[in-house]
Structures are given as C-alpha cells and as structure tokens.
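The values are calculated or read from the model by the stated rules, or taken from the named source; none is laboratory data. Bear in mind the structure is a predicted one, so any value in this text is a computation, not a measurement. Neighbour counts are summed over all protein chains in view; Cβ atoms, including those assigned to glycine, are modelled from backbone coordinates with ideal geometry. Remember, those area values only see protein heavy atoms, side chains included, never the ligands or the DNA or RNA. Shrake-Rupley method; radii C 1.70, N 1.55, O 1.52, S 1.80 Å.
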Amino acid sequence: MEGTVFTPCLEGMKHVKSDQGEMLTKPFLELCKTILPVIDKFGAAMTLVKSDIGGNISRLEKNYLSDPDKFKYLYTFVQVEIESKTAKASSSCTNGLLWLTRAMDFLVELFRNLVAHQDWSMPQACGDSYQKTLKKWHGWLASSTFSMALKLAPDRKKFMDVISGSGDIYADMERFCAEFGPFLHDNHKFLATVGMDDMKAS
C-alpha cells in the first residue's frame, strides 16, 4: 500500500469546498467513502458503524444523482426538505447528513485518541470516543448494541500495522483529524442554524 490507509482521504479533502468556501456534495460524499476501507480494518467491531455510514452516503448520493445541478451544494438537501416539511422524517437527507456527520465525529475522536494516548487499548480508545460523541444521541438499545460491538475491537498493534502501509500513520492520522474535523464542525453549525442538530435516535 502506497502511503497509509488515510492517503486517499487526505487527497480527497482538498476538493470538498468550492472556491467560495461552500461544501460540495459529491466531493464530500466521496471523501466519506474513502473512510470506509479504514473502518473495514476494525472488523466486526465496526460493522454497525460501517453500514450506518454506507447507508447515509447512499441516501444522499441517490438524491444528489436525481438532480446534480440542484444538489451541487451539500446543504441544499436540508433547505429543500425544510421547505417541504420533510426534514425531520427518519428517511430524510437531513437525517442522513446529521447521522453521517455524527458517525464521522466518532471516528475523528477515535483517531485523535489513538494519536494522543498511545498506551490505550483499542476498546478503551473506542469507548472514550463513543462517550464523547454518539452516546448522548443514542437510546438505550442503540447504546447497548454499540457498547457490545466495541468489545470486539481488534488488537491495537495489529490494527496499526494493517493501516500503516508505507507512510507515517500517526502523522497522517493527526492530519486527518485536524483537516476533517472542521468540515464536521461546519455541518453541525449549519444544522444548528435550522434547528436540526439535536435530533435523537428513535
């Protein structure tokens, strides 16, 4: 593997915003897709996260492809659904974007933990990230399912060896968190302005 498992993500981040600083739909979704192979390396522990992220990317992509010109910018989905009063539906793109952003928050926090606490085990790093990001939005069922899945987290050293490739994995991980984090922050900020950032899991 040339570079690390993060190399495609770091490349993809350069294209996410327009020259005017607006979030572009296709590059943002493509960027999120480049993270799926990273999640794969976690094995069974992240099956739920991966299917959740994959499902939300597909939902947004399907709508984007229905009218690429109209949905060139990521937040158009939300604006259209707010006007049609469908934003709060569980199958809405607004909901998809919110949960996609939250799942990515979890991953960024997890990679941040792996860089900052190199003595932590994988379940410890996962558990801490979950507490800080997703837990408050999950009901009891989602929370217990998630906590059980995280117990299947792989051995940290094996995981790091698998994702390192020929690059400097800690440097790439740190850069990923530093550069991807602000995009997620922008999504939350936008969703908050339209009152959609605090929806809980049913």
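Which condition from (1) under 21 Å from V108 (Cα atoms); (2) assigned to a helix (DSSP H, G or I); (3) of a type in the set (S, T, Y); (4) more than 15 Å from the chain's Cα centre (by Cα) is the one that S51 breaks?
Unmet condition: (4).
How many residues does region 68-88 contain that are more than 21 Å from the chain's Cα centre (by Cα), open to solvent by 60 Å² or more (accessible area, probe 1.4 Å) and either among the acidic types (D, E) or within 17 Å of F183 (Cβ to Cβ) (or both)?
Looking only at that region, the number is 2.
Among (1) of a type in the set (K, R); (2) open to solvent by 60 Å² or more (accessible area, probe 1.4 Å); (3) more than 22 Å from K14 (Cα to Cα), which single condition is R175 missing?
That leaves (3) as the condition not met.
Anything in region 62-91 that is charged (D, E, K, R) and farther than 23 Å from K200 by Cα? List them, or say none. If you could, list the steps in order and put the result at the bottom.
Within region 62-91, the subset charged (D, E, K, R) is 62, 67, 69-70, 72, 81, 83, 85, 88.
Correct list: K62, D67, D69, K70, K72.
Within region 143-157, how many residues turn out to be surrounded by fewer than 17 Cβ atoms within 10 Å (Cβ to Cβ) and either modelled with pLDDT under 90 or not charged (D, E, K, R) (or both)? Even if it seems obvious, please write down each step before you answer.
If we filter region 143-157 for residues that are surrounded by fewer than 17 Cβ atoms within 10 Å (Cβ to Cβ), which is where we start, we get 143-145, 147-148, 151-152, 155, 157.
With the extra rule that they be either modelled with pLDDT under 90 or not charged (D, E, K, R) (or both), the set shrinks to 143-145, 147-148, 151-152.
Matching residues across region 143-157 total 7.
As an exercise: evaluate G195 against (1) at pLDDT below 95; (2) surrounded by fewer than 15 Cβ atoms within 10 Å (Cβ to Cβ); (3) touching a helix residue (DSSP H, G or I) at 6+ places or on another chain (Cβ under 8 Å) and give the number of the one condition it does not meet.
(3)
Taking region 33-46 only, how many residues are touching a residue at least 12 places away in the same chain (Cβ under 8 Å), more than 15 Å from L100 (Cα to Cα) and assigned to a helix (DSSP H, G or I)? Break it down into steps so the answer makes sense when it comes.
Kept after step one, since they are touching a residue at least 12 places away in the same chain (Cβ under 8 Å), are these residues of region 33-46: 33-39, 41-46.
Then drop every residue that is not more than 15 Å from L100 (Cα to Cα), which leaves 37-38, 41-45.
Then drop every residue that is not assigned to a helix (DSSP H, G or I), which leaves 37-38, 43-45.
Result for region 33-46: 5.
Can you name every residue in region 158-172 that is outside any loop (DSSP other than H, G, I, E, B), surrounded by fewer than 13 Cβ atoms within 10 Å (Cβ to Cβ) and small (G, A, S)? Before the answer, list the steps.
Going through region 158-172, the residues outside any loop (DSSP other than H, G, I, E, B) turn out to be 158-164, 169-172.
From what is left, the residues that are surrounded by fewer than 13 Cβ atoms within 10 Å (Cβ to Cβ) are 158, 161, 171.
Correct list: A171 only.
Name the single residue, out of those in region 89-140 being in contact with a Leu (Cβ under 8 Å, 6 or more places away or on another chain) and open to solvent by 10 Å² or more (accessible area, probe 1.4 Å), that is nearest to V78 (Cα to Cα).
Only one residue fits best here, namely D105.
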